[in-house]
Amino acid sequence: MSAAAGAILQREWLLMRQRGAAWMQPLVFFAVVVTAFVLGAEPGAQWLDAAAPAVVWVALLLALIVGNERSFRDDVRSGFLQQMVRSDAPLALLMLAKLVAQWLFVALPLVVVAPIGMLGLGMGSDQALLLFVTLLLGSPAVSTITGLGAALTASLPRAGLLLPLCVLPLCLPVIIFGSGAVRAFEAGLGVAGPLYFLSSVSLLCLCALPFASASAAKLQAT
């Protein structure tokens, strides 16, 4: 089983390398969204300072939708998803490996470059560091939720339009607590509660959503 999961991770890594510069599409999309807010606001606008954490979180979510939207759709077209369903290895384990690969190769690079967007939004170093921690803790939840949405809409003709509608409501609690941790810090309140919440949601998603993704994969393979 571990060999099968490792093969999925290796396959996702090789596919990312074969796509060339296409792997940068989520990063470019993230930068465009953040830059649009920076250029659209007046210099020193107070509303931008207050909204900066939410802007970064929303930009991350939209970039993950762009990055994960093709993954399961390409697997359906190539027949690889059908092979995963017929494999002797537990399908939930294979889905977990694929979701982890999506986080490693799509979400984690976004989290790494996010501080650049934070500085562009005028955030202080302490606020930016805390927001980076919330992104690191909450991004597995957002990534797995978008992966589940991609699995559910893989074979639909307008998946690119349906995917945001599926995942946005589910990701709202993560965005609220992720940005709320920074606002609580600025108000002099404790931030342990939001950080525990983000960690718990990410662990819950990593434990539960592979099974939901496996059920979605079986529907796509029929």
Worksheet item: Any number yet on Rg/Rh for the chain, C-alpha, Kirkwood?
Response: 1.00
Fill in: CD proxy at 222 nm, helix term only [per DSSP H run n ≥ 4: -39500 (n - 2.57); per residue of the chain; nearest 500]
-28000 deg cm²/dmol
Fill in: Segments 182-195, 66-79 sorted - mean Cβ within 10 Å per residue, highest first
66-79, 182-195
Item to complete: Can you tell me the 0 to 90 degree angle between the C-alpha axis of helix 192-221 and the longest principal axis of the chain, rounded to 10?
Response: 30
Worksheet entry | FRET efficiency for GLN46 and SER199, using Cβ-Cβ distance with R0 set to 22 Å, rounded to 0.05 | 0.10
Worksheet entry | Acute angle (nearest 10 degrees) that the helix 2-18 long axis makes with the longest principal axis of the chain, alpha-carbon atoms | 70
Worksheet item: Most fluctuating residue of THR153, THR134, THR35 in a GNM of the chain with Cα springs under 10 Å: which is it?
Response: THR35
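Computed from the coordinates by the stated procedures, all read-outs in this text should not be read as laboratory data. On a predicted model such as this, the values are computed, not experimentally measured, just so you know. Quick reminder, even Gly has a Cβ in these numbers, built from the backbone with ideal geometry, and neighbours come from all protein chains shown.
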